[in-house]
1. Report, in cubic angstrom per residue, the convex hull volume of the C-alpha atoms of the range 134-212.
2. Of His112, Ile162, Thr145, which is farthest along the charge dipole of the range 83-178 in the positive direction, counting Lys and Arg as +1 and Asp and Glu as -1 at C-beta?
3. Under 5 Å between amide hydrogens, which residues at least 5 positions from Tyr109 or on another chain qualify, with H placed 1.01 Å from N in the peptide plane?
4. Using the Cα centre as the reference, give the magnitude of the dipole from point charges on the C-beta atoms of the range 1-87 (Lys, Arg: +1; Asp, Glu: -1; all else neutral), rounded to the nearest 20 debye.
5. Would you mind classifying the chain by shape? Square roots of the alpha carbon gyration tensor eigenvalues, ordered a ≥ b ≥ c; an a/c under 1.5 is rounded, otherwise it is prolate if a/b is larger than b/c and oblate if not.
6. If you take all C-alpha pairs in the range 1-126, what percent of them are over 26 Å apart?
Amino acid sequence: MNNIAEKLFDEAKARLRRIEAVHGIRILYACEAGSRSWGFPSPSSDYDIRFIYVSPLKSYLRLTPMPDSITLPQDELWDIQGWDLRKCLHLLKKGNVSVVQWLYSPIVYRNHPLFLAELRKLLDHGSPLPRLYWAYRSMAQAHITNYLMGHETIAYKRFLYIIQGLLAMNWVAERRTMPPVVFEQLVEGMVTDENLRAEIETLLNIQRRDGHEGEVGPKQLYPAMLAFIEQTLLETQPPMDEKTEVPSDILDDFFIKWLGVPGL
């Protein structure tokens, strides 16, 4: 980590401390969730910080429901949002792909002792893989529909989002384990075609060097990627599991424990 990156990392942690003080909450976990966590940020990429928090106990006992998230005003460098633990657990029960990616982010700003390990273990009580499969497939399909089909060009990062979603989907279908968040680990584990690997590497280098929202690349320069997209959507089948949710009583016990309720 260079000096600039180290200073920004420290600034991120300082911002989290200020959020705790201003909102009267306790942050249990915070991580990077955007292109930096995936391993292909551009020079203009902001910091997508996501955190999980709990409020004081009395906040959960009020008749009027409290907000279940905290979102700070976004600027060119910082995009910071947090979810209340209750909301996080509801989404985890459904196999929400964003929550799962948070839990496996390689960049962690805050982690209460044991919290991350215990939260990951909750996934062992259910079978989120079919839900993750469809979540990654839907993510890729949305980008294909909105940015690829009917367009002669596509933004570099949008092209990478499609490949990322399909590789993660294939990982779930073939390996039946959680796919890695880091994009290059997905490529290393799933791509055997040398032409496809070369095109992905070329696109990664462009995105890391000067990829901006408005910059696009000619689709015809990436025939192997286009063929991979078409073939994957035709052939890949989801894992078939009947049980897809973490039991509610297990989630309740976890929630009560990390609220710090005495005597329970």
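1. Hull volume normalised by residue count: 98 Å³.
2. Farthest along the dipole direction, towards plus: His112.
3. Excluding prolines and chain starts, which carry no amide H, the hits are Ala30, Cys31, Glu32.
4. 540 debye
5. oblate
6. Everything past 26 Å amounts to 22 percent.
We did not get these values from a lab; they are worked out from the coordinates using the rules stated. Note that this is a predicted model, so its numbers are computed, not measured. No Cβ is skipped: glycine too gets one built from the backbone with ideal geometry, and neighbour counts run over all protein chains shown.
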